[in-house]
Protein chains: 2
Amino acid sequence: MIPRERLIDIARQVYRSYGFTPIDTPALEYREILEGKAGEESNKQLYRFEDHGGREVALRFDLTVPLARFMAQHAGNLGTPFKRYHVATVWRGENTQRGRYREFMQCDFDTIGTRSVAADIETGLVIHDLMQALGLTDFTIHLNNRQVLNGLLEKLGLAGQALPILRALDKLAKIGPEKVAAEMASQAGASPDQAHAVLRLAGLVGTNSEILDRLSPLVDGQETGQAGLDRLREILAGLQAAGIAEKHIRLDLSIARGLDYYTGVIYETFLDQLPEIGSVCSGGRYDNLAQLYTRQELPGIGASLGLDRLLAALEELGGLERTQTTAPVFIPFFDKHRLSDYLQIAALVRKAGYGAEIYPDPKKLGQQLKYAGQRGFQVALIAGSNELDAQQCQLKELATGESQVLSLMPPAAELLAAIEQLVD
Amino acid sequence: MIPRERLIDIARQVYRSYGFTPIDTPALEYREILEGKAGEESNKQLYRFEDHGGREVALRFDLTVPLARFMAQHAGNLGTPFKRYHVATVWRGENTQRGRYREFMQCDFDTIGTRSVAADIETGLVIHDLMQALGLTDFTIHLNNRQVLNGLLEKLGLAGQALPILRALDKLAKIGPEKVAAEMASQAGASPDQAHAVLRLAGLVGTNSEILDRLSPLVDGQETGQAGLDRLREILAGLQAAGIAEKHIRLDLSIARGLDYYTGVIYETFLDQLPEIGSVCSGGRYDNLAQLYTRQELPGIGASLGLDRLLAALEELGGLERTQTTAPVFIPFFDKHRLSDYLQIAALVRKAGYGAEIYPDPKKLGQQLKYAGQRGFQVALIAGSNELDAQQCQLKELATGESQVLSLMPPAAELLAAIEQLVD
């Protein structure tokens with residue numbers, strides 16, 4: 001939980017720096033709100049029951065459907081644009097696997113009520129800032145636009161088959177082009193030429209500007225595709241203007257994201273050293289989030305940070321704190337008659353801004369210091385009755401065992417300066 | 001959610017400054033873990049159902065029973081003392097009232113594995129620091145010790161009737177001494193003399209040291225009561241040594257807390273201006289938290305911050321933020337051709353540590369500034385194409401309407417200094 005709280009804090013700070021505000025919604029929604037909103041799989045996984053008032057209720061399986069319900073209900077009062085983040089637990093009654101649990105946290109941000117390219121760009125910026133704030137340097141944000149794919153499908157006469165085509169395309173990295181073409185044929189009735197055309201688009205490689213150039217003739221004269229291409233140009237220009245390094249952004253026509261509701265730009269984020277864990281932050285633009293609950297049009301764009309994947313990744317990359325304490329300073333309860341002195345010292349240290357824990361029982365010093373070492377405290381502030389009478393203490397750095405004798409006489413400036421130097 | 005997040009952040013900071021570490025447990029526990037653990041009322045209110053694997057499960061109704069289960073399972077690995085905080089949602093299928101919901105958050109801290117008076121004192125210190133960190137100055141932490149009450153009841157021959165006696169006593173402030181005496185008679189078979197003796201103890205008033213003096217003859221010669229009195233003396237001395245002002249601590253022999261599991265010191269916290277909302281932070285010492293799940297003895301002490309009550313109180317006392325944004329700086333999308341410039345300016349402002357939001361659509365300036373005012377942004381950084389060409393902008397304080405023209409030329413030191421001065 002210590003690294004998890006740190007990760008959530010960082011995400012919240014980044015969201016807030018762009019003006020996103022926190023919301024919360026109940027874990028329990030009326031069953032009819034959640035049922036049938038995200039395909040058969042979600043339906044099967046829904047935890048549902050009857051409450052004490054005989055109401056059919058269910059536990060939310062994501063934060064997007066509750067957001068849609070929330071916006072349908074409150075958009076009139078809240079006004080738009082409405083930028084929200086939501087960090088909360090969701091439940092899915094599925095088989096557990098490594099990194100996949102029945103109860104887990106999601107960490108979403110969304111901008112509702114605008115079709116502006118500014119919001120598309122900002123979503124990429126937030127993802128970039130999240131990765132940087134987490135201390136990650138080797139990451140690539142993949143970027144696509146559903147409009148480009150849709151334009152090509154219209155041109156090929158496959159517009160009505162967009163969903164099965166995109167779902168097949170989404171598997172490209174996993175199963176390769178031949179199996180994708182076969183699935184496009186079996187699931188969407190695509191001819192070999194049609195499948196080839198889609199795969200050629202998805203397979204475009206090069207620098208971002210090379211890809212834009214190569215893409216241009218493929219969508220030429222096709223309105224949707226051309227608009228999608230122009231939008232991608234604007235987004236790339238905006239990301240660059242905001243100072244994002246070229247290496248972090250990759251135009252990737254192969255990412256489609258299987259979810260039906262995406263209609264515009266799509267983002268996925270990969271860690272260069274750990275591509276196998278998949279995207280750690282994904283999202284995209286949707287035309288009408290709340291159409292199931294209201295007639296008001298509520299276009300928006302959002303993305304979700306994969307907390308569990310990121311924690312696993314940070315652990316593998318060595319970026320996780322190992323400590324089991326939240327306070328750096330340990331104060332042994334050394335002399336059983338001097339508790340009041342230890343309480344005074346701890347108050348002094350805390351007042352200066354450093355967390356301090358007093359061991360609760362006057363056990364042997366060795367045993368107390370063993371506890372401190374195991375928990376990961378950084379320094380111990382040791383004083384027996386002789387030291388206390390002389391208003392002194394020993395400040396011991398636990399990693400090295402080195403110690404120095406310092407005055408406890410208020411304001412104990414030297415002691416506090418030494419702590420400042422030794423703790424992170 | 002903005003004030004709620006601030007409140008939780010403050011609580012976490014205070015908990016951490018004493019070395020408490022975060023834990024989380026699943027919202028869903030096996031039904032048998034939760035059932036029958038906190039009386040008939042909790043049982044009736046339990047949300048329970050069968051999961052997809054045919055397991056009987058239920059949603060937790062507090063954070064204490066899951067902590068008991070958690071400690072029984074993990075105390076061997078974690079070691080003691082184990083100091084944890086837990087901020088999480090709980091569910092109770094009851095009738096909703098103002099400030100009382102079916103789904104709400106608890107915010108607990110506990111020290112497990114020690115009977116030390118140091119932990120008793122520390123619990124009071126944490127409560128004190130929580131109140132101060134929330135900006136509250138007029139609060140009183142009421143303090144009692146179940147041992148003193150138990151000692152008196154032993155002396156009166158009422159030891160076997162302790163629970164109904166204490167439950168009646170708990171209502172003293174609400175229903176007055178006569179009705180309490182009547183309840184003691186009807187529920188515990190107490191004679192008028194016995195009830196009078198309990199009420200005399202509970203009614204002791206004066207300064208803390210006066211109460212200690214008056215208490216002394218009442219428990220004299222009775223071992224449990226004498227030990228309880230000595231413990232109270234030690235706790236008061238410790239709180240004083242740590243620098244807590246006398247006015248914040250009140251020995252109050254009338255608080256009993258109905259919960260069966262308390263065995264030692266008890267804390268309740270009242271806001272002097274709003275006594276009617278009840279205690280905003282309560283807790284106490286228990287002998288054996290996990291006895292239902294393990295034979296290992298796990299004594300401890302803990303308390304719970306009442307988030308909903310505190311939010312209601314802070315609202316009434318005017319201590320709640322009114323803003324609906326998390327960022328202080330608003331950047332209108334003034335000239336539709338200059339989005340890249342606004343993105344650059346926002347990046348510059350964020351890099352200096354100030355949250356900044358760009359309005360997503362190039363609507364009329366007045367409309368954008370109205371949005372900014374409603375949301376509670378503090379300053380607007382306004383630039384049309386002329387200003388941008390001259391590398392300048394207007395910095396407008398939204399509350400006063402005053403504005404100044406400043407250079408955008410990087411590093412824009414004057415602009416950033418002006419923002420620093422205008423935002424909280």
Quick check on my filter: what residues within region A:65-103 are within 25 Å of B:G54 (Cβ to Cβ) and either in a helix (DSSP H, G or I) or within 12 Å of chain B (Cβ to nearest Cβ) (or both)?
A:T89, A:V90, A:W91, A:R92, A:G93, A:E94, A:N95, A:T96, A:Y101, A:R102, A:E103
If we scan region B:396-405, do we find a residue that is outside the structural domain of B:C107 (by TED's automatic domain parsing) and in contact with a Lys or Arg (Cβ under 8 Å, 6 or more places away or on another chain)?
yes
Among the residues of region A:170-200, which ones are in contact with a helix residue (DSSP H, G or I) (Cβ under 6 Å, 6 or more places away or on another chain) and in contact (Cβ under 8 Å) with a residue 60 or more places away in the chain?
A:L172
Being among the charged types (D, E, K, R) and in contact with a Gly (Cβ under 9 Å, 6 or more places away or on another chain) is the filter here; which residues of region A:319-360 pass it?
A:E321, A:R322, A:D335, A:R338, A:K351, A:E357
The helices (runs of 4 or more DSSP H) lying entirely within region B:109-177 that contain at least 3 residues which are farther than 22 Å from B:I249 by Cβ are B:146-155, B:162-169
Can we say A:R285 is within 14 Å of another protein chain (Cβ to nearest Cβ) and within 21 Å of the chain's Cα centre (by Cα)?
yes
For the structure I just gave you, tell me whether A:G54 is free of Cβ contacts under 8 Å to residues at least 24 places away in the same chain and either over 30 Å from B:E56 (Cα atoms) or of a type in the set (G, A, S) (or both).
yes
Could you tell me how many of the residues in region A:351-382 are touching a strand residue (DSSP E or B) at 6+ places or on another chain (Cβ under 8 Å) and free of Cβ contacts under 8 Å to residues at least 12 places away in the same chain?
0
Quickly run through region B:94-122 and pick out the residues that are among the basic types (K, R) and either crowded, with 16+ Cβ neighbours inside 10 Å or within 25 Å of B:F70 (Cβ to Cβ) (or both).
B:R102, B:R115
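For every residue, the table says whether it meets (1) modelled with pLDDT of 95 or more; (2) over 40 Å from the mean Cα position of the chain (by Cα); (3) over 26 Å from B:D120 (Cα atoms); (4) polar (S, T, N, Q).
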{"residue": "A:E297", "(1), (2), (3), (4)": "no, no, yes, no"}
{"residue": "A:D308", "(1), (2), (3), (4)": "no, no, yes, no"}
{"residue": "A:P332", "(1), (2), (3), (4)": "yes, no, no, no"}
{"residue": "A:Q344", "(1), (2), (3), (4)": "yes, yes, no, yes"}
{"residue": "A:G366", "(1), (2), (3), (4)": "yes, yes, no, no"}
Members of region B:350-364 that are within 9 Å of chain A (Cβ to nearest Cβ), at negative phi and within 36 Å of the chain's Cα centre (by Cα):
B:R350, B:K351, B:Y354, B:G355, B:A356, B:E357, B:I358
Report yes if B:V65 is in contact with a strand residue (DSSP E or B) (Cβ under 7 Å, 6 or more places away or on another chain) and either acidic (D, E) or farther than 28 Å from A:R84 by Cβ (or both), otherwise no.
no
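Let's see how each residue does on (1) in a loop (DSSP other than H, G, I, E, B); (2) in contact with an Asp or Glu (Cβ under 7 Å, 6 or more places away or on another chain):
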| site | (1), (2) |
| --- | --- |
| A:L253 | yes, no |
| A:R257 | yes, yes |
| A:V265 | no, yes |
| A:G283 | no, no |
| A:N288 | yes, yes |
| A:Q291 | yes, no |
| A:L298 | yes, no |
| A:D308 | no, no |
Picked from region A:104-122 (must be more than 11 Å from chain B (Cβ to nearest Cβ) and of a type in the set (D, E, K, R)), the residue nearest to A:R4 (Cα to Cα) is A:D108
Return the residues of region A:4-54 that are polar (S, T, N, Q) and either within 18 Å of A:R84 (Cα to Cα) or at the interface with chain B (Cβ under 9 Å from one of its Cβ atoms) (or both); say none if nothing qualifies.
A:Q13, A:S17, A:T21, A:T25, A:Q45
So the helices (runs of 4 or more DSSP H) completely within region A:326-419 holding 3 or more residues that are among the aliphatic types (A, V, I, L, M) are A:339-351, A:365-375
Tell me which residues, restricted to region A:321-351, are basic (K, R) and more than 14 Å from A:P410 (Cα to Cα).
A:R322, A:K336, A:R338
Reported set for region B:123-135 where residues are surrounded by fewer than 18 Cβ atoms within 10 Å (Cβ to Cβ) and facing another protein chain (nearest Cβ under 8 Å) is none
Looking at region A:198-243, which of its residues are over 20 Å from A:I266 (Cβ atoms) and surrounded by 15 or more Cβ atoms within 10 Å (Cβ to Cβ)?
A:A241
Of the residues in region B:321-334 that are surrounded by 17 or more Cβ atoms within 10 Å (Cβ to Cβ) and in contact with a Leu (Cβ under 9 Å, 6 or more places away or on another chain), the one that is nearest to the other protein chains (Cβ to nearest Cβ) is B:F333
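The values are calculated or read from the model by the stated rules, or taken from the named source; none is laboratory data. What you see is a predicted model, and the numbers here were worked out from it, not measured in a lab. FYI the Cβ positions are ideal-geometry reconstructions off the backbone, even for glycines, and counts take in every protein chain you see.
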